[in-house]
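Chemist: Below is a structure I'd like to ask you about.
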Amino acid sequence: MIAGPGPEVLARVPGECIGVQPLQGGLTNRSFLVTSTAGRFVVRLGTAFDALLAIDRRGEIAAQRLAASAGIAPPIVVDDVASGLLVTRFVEGREWTPADFAKPGQIERLGERLRRLHALDVTGIPGLARLDPLVRAREYAGRIAAAAPDERASLEQLLAEAQRRQRESGAAARRATLVHSDLNGSNLVDGEALWLIDWEYSALADPLHDAACVLGYYPQAAPQAARLLDALRLEATPRELQAVVWLFRLLVYLWYRARRIAVAPSAADLAAEQGAARALVHNRNL
């Protein structure tokens, strides 16, 4: 059974607590729907291995507050960087399914939301993290190699390939923007608006990274790639897009592999890691 928030946490939620319900989804955090006399709230409890998984809680909070001010993310009610506690307003809606990512209209809606996100003025916003895929890949690889030295040679091969892909990506020619960076369907809540939740990997980065996130997670979105780029008002050659998708898939693979250092993986976790590895080896086309 998942341990729920204790009295000291519930005391920080507005109103008097009426009920607590675990929320499904997410591989890192424990989240709960708390109903109180003041409304409904999501209580997110952090982990003991944020550093291992390159989670920047200060950057997460700064990004979500900015996105919430634009109506893209749920408002934050309470945050505590030290403990990883985050309390947000609960937003009604359904999670996206893989089928949504194959629909032109849905891709256009998502592209519109991401374009609004990428257009936000980040000038003078303290705490926002920065994401360089090659730097992040090296961080993950270093932690994996320290725990499993026999994997060092294969990791070095991946990093050499990542250097080549970074050069091909054209990222240096695009202005860095705020990106969400984890556009799994479970992080898209479709209700009165299309809400983006779970901002722990948000950062200042190449805006094409969000498009690569969609295409890397959902191959069924590949026929909509041009539509997505058009909605984002981004231009990229097929070679550039393929390079950024490969880099995103590399980060997914390394994330799952790094997580195994601290957490016993489920069968689904192992399958996801193996699938990410196969996508890298076979260089699956869009």
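Chemist: In the stretch 153-169, which residue that is of a type outside the set (Gly, Ala, Ser) and surrounded by 14 or more Cβ atoms within 10 Å (Cβ to Cβ) is farthest from Gln242 (Cα to Cα)? So that I can check it myself, show each step before the final result.
Modeler: The initial filter retains those residues of the stretch 153-169 that are of a type outside the set (Gly, Ala, Ser), namely 155-159, 161, 163-168.
Retained after the next criterion (residues that are surrounded by 14 or more Cβ atoms within 10 Å (Cβ to Cβ)): 155, 158-159, 161, 165-166, 168.
Values: Leu155: 20, Leu158: 16, Leu159: 17, Glu161: 13, Arg165: 9, Gln166: 11, Glu168: 9 Å.
So the residue we want is Leu155.
Chemist: A follow-up question, please. Can you tell me which condition Val91 does not meet? The list is (1) over 19 Å from Asn184 (Cα atoms); (2) in contact with a Pro (Cβ under 7 Å, 6 or more places away or on another chain), and all the others hold.
Modeler: That leaves (1) as the condition not met.
Chemist: Examine the stretch 124-134 for a residue that is surrounded by 13 or more Cβ atoms within 10 Å (Cβ to Cβ), more than 26 Å from Leu53 (Cα to Cα), out of contact with any Ser or Thr (no Cβ under 7 Å at 6 or more places or on another chain) and not aromatic (Phe, Trp, Tyr), and state whether such a residue exists.
Modeler: No, every residue in the stretch 124-134 fails to be surrounded by 13 or more Cβ atoms within 10 Å (Cβ to Cβ), more than 26 Å from Leu53 (Cα to Cα), out of contact with any Ser or Thr (no Cβ under 7 Å at 6 or more places or on another chain) and not aromatic (Phe, Trp, Tyr).
Chemist: Under 7 Å by Cβ, and 6 or more places apart or on different chains, what pairs join a residue from the stretch 179-195 that is within 24 Å of Ile55 (Cβ to Cβ) and in the same structural domain as Asp121 (by TED's automatic domain parsing) with one that is among the polar types (S, T, N, Q) and surrounded by 19 or more Cβ atoms within 10 Å (Cβ to Cβ)?
Modeler: Cβ pairs passing all conditions: Val179/Ser202; His180/Ser202; Ser181/Ser202.
Chemist: If you check Ala264, Ala243, which single one turns out to be closer than 23 Å to Ala48 by Cβ and either under 18 Å from the mean Cα position of the chain (by Cα) or assigned by TED's automatic domain parsing to the domain that holds Leu117 (or both)?
Modeler: Ala264
The values are calculated or read from the model by the stated rules, or taken from the named source; none is laboratory data. Values in this document were obtained by computation on a predicted structure and should not be read as measured data. For neighbour counting, all protein chains shown are included, and Cβ atoms are generated from backbone atoms with ideal geometry for every residue, glycine included.
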